[in-house]
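The values are calculated or read from the model by the stated rules, or taken from the named source; none is laboratory data. Computed from a predicted structure; not experimentally measured. So basically every Cβ, Gly included, is an ideal-geometry build from the backbone, and we count neighbours across all protein chains shown. What goes into the accessible areas is simple: the full protein's heavy atoms, side chains included, and nothing from ligands, DNA or RNA. Shrake-Rupley method; radii C 1.70, N 1.55, O 1.52, S 1.80 Å.
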Amino acid sequence: MFDFSIVTQWFDQLLRVTLGLGDFWTILIECVVVGLLILVGYALIAIVLIFMERKVCAYFQCRLGPMRVGPWGVLQVFADVLKMLIKEIFFVDKADKFLYALAPLLVLIASVGTFSFLPWNKGAGVLDFNVGLFLITAISSIGVVGIFLAGWGSNNKYSVVSAMRAAVQMISYEMSLCLCLITAVILTGTMQVSGIVEAQTGPWKWLIFQGHIPALIAFIVFLIAGNAEANRGPFDMAEAESELTAGHHTEYSGMGFGFFYLAEYLNLFVISGIATAVFLGGWAPVNIGIESFDSIMNYIPGAVWFFAKTFGVVWLLMWVKWTFPRLRIDQILKLEWKYLMPLSLINVILMTIIVALGAYIK
């Protein structure tokens, strides 16, 4: 398995030794390059996800989806981006202009922040702290504030109702989301994302196999709670078009609306990426204990494994969205507080017992 840290160390030595730059300029250039790579990757993945969503939706509804702009409609997303860029950005009368402008930025910052923690390959994690999972949950909570400020700052009753729904839903499902991650931390003994992935290298070492039934339950609950956290169907009550038009971003136009649109799709990718890293081995290849098979699998780059697993989870969540009808807000909260939350608490206790008894796969 190729270690990407070789490339990063070479680039650091190029700046420090070959070019003779000091610490300040070296760190500044590295931060700028990494920031640009994050933003470019963020935009490209968003374009792929939007196109994928339209085609998956069309498939489940027995139609073709976008087909007119470019071959197979591949340029339709670029046309939509251009349209958003040239749209007029206006402010609503009697709206709180500061909060109105701040809200989409907070949502985007939360999305980019969590996106930066994804382990793309061995040695290729942008942010890799020893409390990584804690920081992921903390940064993602900023998005709740952005959504609530969008509704409140718009001075629109429909947007306020949508923001209240979204806030209570996201805060509620964060509980189950965190408990599922705690289950993984108990099993691996670390909160560092790269450490969790490293603990899953080897035959049948994915957490859903190591931790037996509790790990599988945590994975399923994580996908349900993550779907609700990203305001995706069937948990998209905050954006119920038949009731609240476009929800908390009804009054936004141009790139203000575009930021919410980008964050929604990238949150889907982030949830899938975290699920892949924590429960499905991340960039670790599929090993089953047969030497010839495992050696072939190890030749496949880790980034390929990570993207293949992540987009598999993305496709699963899109399947769920376009299959199940939208839930009412009381049903959404009942599912969390009466079923998922108690199940997650019991699951944490079961995982603790399994680890204490040493009954997991080592």
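Numbers below:
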{"read-out": "Dipole moment magnitude, nearest 20 debye, the chain about Cα centre, only Lys, Arg, Asp, Glu C-beta charged", "value": "700"}
{"read-out": "Candidates per chymotrypsin sites (Phe, Trp or Tyr not before Pro) in the range 5-48, loop by DSSP, up to 16 other Cβ within 10 Å", "value": "none"}
{"read-out": "Phi to ³J(HN,Hα) by Karplus 6.51 cos²θ - 1.76 cosθ + 1.60 over the range 56-67, Hz, x for Gly, Pro", "value": "5, 4, 4, 4, 6, 9, 6, 9, 9, x, x, 9"}
{"read-out": "Calculated on alpha-carbon atoms, Rg and Dmax of the chain in Å", "value": "21.5, 68"}
{"read-out": "For the range 41-192, alpha-carbon Rg and Dmax in angstrom", "value": "19.1, 53"}
{"read-out": "With 5 Å bins from 0: P(r) over the range 169-230, alpha-carbon pairs, percent", "value": "4, 20, 26, 23, 17, 8, 2, 1"}
{"read-out": "Accessible heavy-atom area order of C180, C62, highest first, probe of 1.4 Å", "value": "C62, C180"}
{"read-out": "Global size of the range 191-286 as Cα Rg and Dmax, reported in angstrom", "value": "17.1, 52"}
{"read-out": "S162, S141, reordered so the largest accessible area comes first (probe 1.4 Å)", "value": "S141, S162"}
{"read-out": "Where trypsin sites (Lys or Arg not before Pro) fall in DSSP loop in the range 58-109, at most 15 other Cβ within 10 Å", "value": "R63, R68, K87, K94"}
